[in-house]
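Some notes on the structure that comes next.
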Amino acid sequence: MTSQEIRQQFLDFFKSKEHKIVQSAPVVPYDDPTLLFTNAGMNQFKDVFLGTGTREYKRAADTQKCIRVSGKHNDLEEVGHDTYHHTLFEMLGNWSFGDYYKSEAIEWAWELLTNVWKLPKERLWATVYRTDDEALELWKTKTDINPNHILKFDEKDNFWEMGETGPCGPCSEIHINLTDDLENPSYVNAGTPECIEIWNLVFIQYNRDEKGKLHELPAKHVDTGMGFERVCAVLQGKNSNYDTDVFMPLINKVSEISKIGYEKEEDKIPMRVISDHIRTLTFAIADGAVPSNDGRGYVLRRILRRASRYGRKLNLRDPFLFQLVDILVETMGSVFPEIVEKQDYVKRIIRAEEESFNKTLDRGIELFEKIVEEAKAKNSSTINGEDAFKLYDTFGFPVDLTNVMAREINFSVDEQRFNELMEQQKEQSRHATKDKFASVQFAINNLDNFIISENQTSSFVGYDSFKVQSKIIGLKKENETGLLLLNQTPFYVEAGGQIDDIGKIVISEQALPVIDVTKVNNKTIHIVDNQQDVLLDLGMNVLASVDEERRKDIMRNHSATHYMHSALRKVLGTHVQQAGSYVGPDHLRFDFTHYAKLSAEELKDIEALVNYELRRNTPLQHHRAIPFEEAKKMGALMFFGDKYGDFVNVVQFGDFSMEFCGGTHVKNSSEIGLFKIISESSISSGVRRIEAVTGAGVERFIQEQFVKLHHSEEKIHELIEIRKKLEKEISDFKLKENLSQLPKIIDNPKSFTDISLYIGKLSVSDMDELKSFGDELRNKMKSGVGLLASEIAGKVGLVCVISDNLIKEKSLSAGKIVGDVAKLLGGGGGGKPHLATAGAKDVSKISEALNQFEQIVSKYLN
């Protein structure tokens, strides 16, 4: 059977058992910020098991694409080196939500394996949890498995838990023994490729409380998962998952590109690693993840760089991974249409990442080899943490890639020291971002002598008010600074990219500037400048007032950030995710994941879409303190890594934008005014930054552009004048230099009757210069006729000059004479009697024309 047939037979089997066939969930679980990647088939049904959600069906089956590369489910180091571990795999699964239970699950599993797929019963083993006598008995009564092939194991192997608390239960695993020693139980759960688990049947029957005690669930569930690649290997009679038709098309393509056969083990391992990793990259990127330096993006970057380095073992130095995407689409696109839809996009991202890493990979490998040589010289086989950190920080080598390279030569890596250096770097980064009032912040954090009124609560009212009558319920004096806690405050404390409010607190008609605000135990502490030594005491009534115009500008920019985020996802694709932001009164800054520089057309489209939506006059829908699960069901945008409480705020502007957000916003989109992007840049590989302005910020930006334009115009005019001056100086210099050609002509006139003829060929750059020579010649010769010629830009330039006495005495005309000379050269010209110019095309006859000058002059003397 082909893998396509195996998958379809599984789904058809459970469809015949009245199961709803559901689509695979994305490998990027946007509705579950606790997970980097979907790592099990049950992830999309987690709410059902937790009792917070329901489905319209009681039975379901699917094939779920899963990624396991981090946490306790991390098979990365085994991938490619053994025959059955993968970073991405398909999990075939069937579920019962309070419907059937252990009996049907066990009976149907046996039916599919032995009746439909005809697996040899003598090779199959079942394991049950050590106290699950119910499952043990069902295996004996509902199947014809050899009773000696039913084994009990403890929690490590046969008890499933979602977390430290919550739904859990025993499980029953099915293993297949591929050895000739069919009756030996020691192979089961021994972690050997000769006896592998192919199906896990989980019976969710308990709920574990905070004390660790188990309670029976009122509704019991079934959650099963079968390793698709493993069962394909078994049914296709292969010793390795990689030898099945799931992987071989990819391996064959790698072999074709590298021109290396899939024969030697030293070549097989890199080919297996590459064929595995391209699957993870393709599915994750198609589902919206992108390589970056954080979270799931960094996992993808590690995997891609790992695959690139394995490519070096096959002498692949140019980008090649992106070429494998087409093969994967051909083999799996019919089951997972999302990779067909995103095919070109996935290839662009992978290729861009490859090109970026290739620039440093070879240099990193050179450094690694140098590090190894230095270690060997010290009789060490350990790469120290400093060197591992340098490889990471300078050349982008993830530590697991360094580990791979080290193990290949029987070296190890000091990961403890590496992690210490990583933490130091993070700490330095955190310190670098701390700016304001360090000593005051220290005092707040220590809270010594901070007096708080009993039974008082503090609330934030800044969503609706810019100022509020309030009361001091907490107090501390620090030199000329006061630290105040109010029972209600309109002051927003920096969070989610939005900066702190500033303003004033009025006490007894005296205004104390609020120079900073911070959170302590979720309470807003106001730091006021009290150089006036105003009396501060608990219970005093005060007026707390933020800088209203400043806050309004901040609100405009924050709401515009949401609009821009939505526009980016619509124009560039849903892979765009926020990677950081700054929302101040003067401008906004938004960092986001994207693989390439935005084109002028894309920036124009984003800006136009935002402004169009702003003009729609859309009111804000501010959903405050709603249950987290309710917000998820609304479809609010959320991302991995963000921490959410049980209750959250959702900011919604019509059908265009809806995000989790605790910041302050305008009441209507029209309040934002105009939106203008002022810059787009890269801040790291795979992360772009846009800076923009709104409202009054756009006015300031336009005014600044006019000022710059005016200054530019003045500068341009100044530069033009400077250029003219320089050109004249250069021209004068050249003329002075070229005038050195005249003395030969002046000192060697040709006598004709009683007239001196001055004839010569010069080298000049243009007619103006030749004319200047003519003026100079006329000034120098006391009496005579002069003719100067030059080749200028492939043509002939002529100038004729005549002294004043000959014009009077002989009635000679320079215009007539030069015109006749020009005719000899296929041209024409004329001018005044004393000086005239002419042009002609036939450069080859210049010397001939000069020789006939005497005859032409004689014609006018007669």
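The values are calculated or read from the model by the stated rules, or taken from the named source; none is laboratory data. This is a predicted model, so every value here is computed, not measured. We place every Cβ from the backbone using ideal geometry, glycine too, and count neighbours over all the protein chains shown. When the accessible area is computed, the model is the full protein with side chains, heavy atoms only, and any ligands, DNA or RNA have been set aside. Shrake-Rupley method; radii C 1.70, N 1.55, O 1.52, S 1.80 Å.
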note = Plugging the Cβ-Cβ distance of Met540 and Ala608 into 1/(1 + (r/R0)^6) at R0 = 45 Å yields, to the nearest 0.05, a FRET efficiency of 0.30
inquiry  = If I fit a long axis through the Cα atoms of helix 343-377 and take the longest principal axis of the Cα atoms of the chain, what angle between them do I get, 0 to 90°, rounded to 10?
reply    = 90
message = Which log10 I(q)/I(0) values does the chain give at q = 0.05, 0.07, 0.09, 0.11 Å⁻¹ under the Debye formula, counting every alpha carbon as one identical point scatterer?
response = -0.50, -0.76, -1.02, -1.31
ask   = Leaving out ligands, DNA and RNA, what percent of the accessible area of segment 705-844 is carbon and sulfur, probe 1.4 Å?
value = 53
ask   = For segment 747-802, what class follows from the C-alpha gyration tensor (a ≥ b ≥ c being the square roots of its eigenvalues): rounded when a/c is under 1.5, otherwise prolate if a/b is larger than b/c, else oblate?
value = prolate
ask   = Percentage of Cα-Cα pair distances in segment 259-337 greater than 19 Å, rounded to whole percent?
value = 39
query = Excluding ligands, DNA and RNA, what is the solvent-accessible area per residue of the chain at a probe of 1.4 Å, expressed in Å²?
reply = 47
task = Could you state, as a whole-number percent, how many of the C-alpha pairs of segment 708-821 are farther apart than 21 Å?
result = 47
key: Normalised per residue, the volume of the convex hull around the Cα set of segment 556-685 (Å³)   = 109
key: Packing-based ranking, highest mean first, of 313-320, 408-415 given that Cβ atoms within 10 Å are counted   = 313-320, 408-415
message = For a 23 Å ceiling on Cα separation, which of these pairs sit above it: Lys750/Lys816; Lys471/Lys552; Lys734/Lys816; Lys780/Lys810; Lys744/Lys832?
response = Lys471/Lys552; Lys734/Lys816; Lys744/Lys832
key: Alpha-carbon centroid distance for the pair segment 195-259 / segment 738-785, whole angstrom   = 99
remark   = When the charge dipole of segment 452-574 is computed with +1 on Lys and Arg Cβ and -1 on Asp and Glu Cβ about the Cα centre, the Cα farthest towards its positive end, among Gly539, Ser566, Gln498, belongs to Ser566
remark   = Helix 265-286 sits off the longest principal axis of the Cα atoms of the chain, rounded to the nearest 10 on a 0 to 90 degree scale, by 80
note = Semi-axes (Å, rounded, descending) of the ellipsoid equivalent to segment 40-101 per its C-alpha gyration tensor are 29, 13, 8
task = Just add up the charged neighbours of Gly333: K/R +1, D/E -1, any other residue whose Cβ is under 12 Å from the Cβ of Gly333.
result = -3
key: Amide hydrogen neighbours beyond the local backbone of Val413, cut-off 5 Å, H modeled   = Ile383
note = Scalar couplings 3J(HN,Hα) for segment 217-223 by Karplus 6.51 cos²θ - 1.76 cosθ + 1.60 (θ = phi - 60°), nearest whole Hz, x for Gly and Pro, are 7, x, 10, 9, 10, 10, 9
note = Computed over the chain: longest principal axis from alpha-carbon atoms vs helix 133-142 long axis, angle to nearest 10 degrees, is 90
query = What number comes out for the charge environment of Ser712, summing +1 per Lys or Arg and -1 per Asp or Glu over other residues with Cβ under 13 Å away?
reply = -2
HN-Hα J in Hz across segment 831-848 - Karplus 6.51, -1.76, 1.60, θ = phi - 60°, x for Gly and Pro = x, 6, x, 7, 8, 8, 10, 7, x, 8, 9, 7, 5, 5, 9, 4, 4, 4
ask   = What is the packing order of peptides 281-293, 473-485, 740-752, taking the mean over residues of other C-beta atoms within 10 Å and listing the highest first?
value = 281-293, 473-485, 740-752
ask   = In percent, what relative contact order does segment 268-309 have, based on Cα pairs under 8 Å that are 6 or more apart in sequence?
value = 40
query = Mind checking Rg over Rh on segment 154-262, alpha carbons, Kirkwood formula for Rh?
reply = 1.15
query = Farthest toward the dipole's positive end in the chain, which of Ala60, Ile451, Gln741, given Cβ charges of +1 (Lys, Arg) and -1 (Asp, Glu) about the Cα centre?
reply = Gln741
Spatial separation of Cα centroids for segment 262-279 and segment 333-383, in angstrom = 15
task = With only Lys, Arg, Asp and Glu charged, each at its Cβ (+1 for the first two, -1 for the last two), find how big the charge dipole of segment 483-607 is about the Cα centre; round to the nearest 20 debye.
result = 540
query = Using a 1.4 Å probe on the protein chains only, how many percent of the accessible area of segment 167-269 belongs to carbon and sulfur?
reply = 45
note = In vacuo Debye sum over C-alpha of segment 766-828, base-10 log of normalised intensity I(q)/I(0) at q = 0.13, 0.16, 0.26 Å⁻¹, listed in q order, is -0.35, -0.52, -1.12
query = Can you tell which of Thr280, Pro319, Val340 lies farthest toward the positive end of the dipole of the chain, using +1 and -1 charges on the Cβ of basic and acidic side chains (Lys, Arg; Asp, Glu)?
reply = Pro319
task = Go through 8-15, 556-563, 834-841, 393-400 and give me the packing order, highest mean Cβ count within 10 Å leading.
result = 556-563, 834-841, 393-400, 8-15
message = With a cut-off of 8 Å between alpha carbons and a minimum separation of six or more residues, what is the relative contact order of the chain in percent?
response = 6
request  = Could you tally the net charge around Ser255, taking each other residue with its Cβ under 12 Å from the Cβ of Ser255, Lys/Arg +1 and Asp/Glu -1?
outcome  = +2
At 1.567 mPa s and 4 °C, Stokes diffusion of segment 321-429 via Kirkwood alpha-carbon radius, µm² per second = 80
query = Just how far, in whole angstrom, is segment 580-599 from segment 516-556 if you go by their alpha carbon centroids?
reply = 29
query = Using a simple spin-label model with points 7 Å from Cα along the Cα→Cβ vector, what separation in nm is obtained for Met1 and Gln703?
reply = 7.5
task = Would you mind checking which residues have amide H under 5 Å from Ile759's amide H? H placed 1.01 Å from N; only 5 or more apart, or other chain.
result = Lys750, Leu787
request  = Return an integer: the convex hull volume of the alpha-carbon atoms of segment 457-560, in Å³ per residue.
outcome  = 93
